[in-house]
Amino acid sequence: MSDPYETTEQHLDRLLRRALNSFDLPDSTVDLLGSALAHSSTLHSSHHSPALHRETYRHTYLLADGSDLTLWELVHSGGRDEQAPRRHELYDDEGDVHVAAARLAGSLSDAPAFGDEGGQGELEILTLLMAAPPAPVPRTYAPDNSADHARRVLRRAENRDRPGEEKARLLRSAFAHHITQVFGRQCQVGDQEAGFTLYEHAFLLLDGSETSLWEVEHTATPDGRHMCEVYEDERAARAAMESRTRIC
């Protein structure tokens, strides 16, 4: 049932405005939501610990053609600071929101922060950031609108040296992909706490070849805002993380 104090249009507008990654939703999903007639919101899961406060909400919309569409909202904040701002993320796939929640619990918010382990200086921080990843496990590619996934990864990149049109054109032939979290850590850099996560988005192309995008998600920004950067290779991505630790 729709909230009697808020129209479905108002509810949807509020969700999209506050989500950090609303631009990452497929255009087709946003277009369908424009015909929503009613909505229902429920708490799906929650987690509260000294390091992390997180809730996952399920927002279901009744569309004009009688079908329904669900958005999954992840709301989180650092548990150590009660005044920390609540951050909102939106996903149109339940699997994606579970991955995002696991990212928070396993790599950023629940991981011990640099500086909490005693005697760990800048050199050790950079060593961890630049460390070689463990041996990769065999990939299992999933055919799931992979070309659109690649487009969305590139679209959310904010770095000027992100992959260009040649890479984008190559990825239009992607028909399956696999996402691997390569690195995740929260660290104290200067006077602010920043989280870094590195993902490899591996794509299988129609000609049988493979190519990857390397995505760095971090909060090493002046206002602690979540930021995404995308690179063509792992070395460039890790160098970007190292650079961020030096300029915070």
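The values are calculated or read from the model by the stated rules, or taken from the named source; none is laboratory data. This one's a predicted model, so the numbers in the text were calculated from it and none came from an experiment. For neighbour counting, all protein chains shown are included, and Cβ atoms are generated from backbone atoms with ideal geometry for every residue, glycine included.
Couple of notes before you dig in:
- Criterion: more than 21 Å from Ala64 (Cβ to Cβ) and either in the same structural domain as Ala100 (by TED's automatic domain parsing) or exposed (fewer than 12 other Cβ atoms within 10 Å of the Cβ) (or both) - qualifying residue of Leu37, Leu20, Leu12: Leu20
- Taken over the stretch 18-39, the criterion of being part of a strand (DSSP E or B) and more than 16 Å from Leu90 (Cβ to Cβ) is satisfied by Leu37, Ala38.
- Any chance Leu213 is of a type outside the set (Val, Ile, Thr), in contact with an Asp or Glu (Cβ under 8 Å, 6 or more places away or on another chain) and either at pLDDT 85 or above or assigned by TED's automatic domain parsing to the domain that holds Asn145 (or both): yes
- Answer from Leu15, Leu74, Leu90 - the residue that is part of a helix (DSSP H, G or I) and at pLDDT 90 or above: Leu15
- Hits in the stretch 172-208 - residues which are outside any strand (DSSP E or B) and either touching a Leu at 6+ places or on another chain (Cβ under 9 Å) or modelled with pLDDT under 80 (or both): Ser173, Gly190, Asp191
- Residue tally, condition surrounded by fewer than 17 Cβ atoms within 10 Å (Cβ to Cβ) and at pLDDT 90 or above, over the stretch 216-235: 3
- Pair list, Cβ < 6 Å and 6+ apart or interchain, from the stretch 27-43 residues that are aliphatic (A, V, I, L, M) to residues that are surrounded by 15 or more Cβ atoms within 10 Å (Cβ to Cβ) and part of a loop (DSSP other than H, G, I, E, B): Ala38/Ser2
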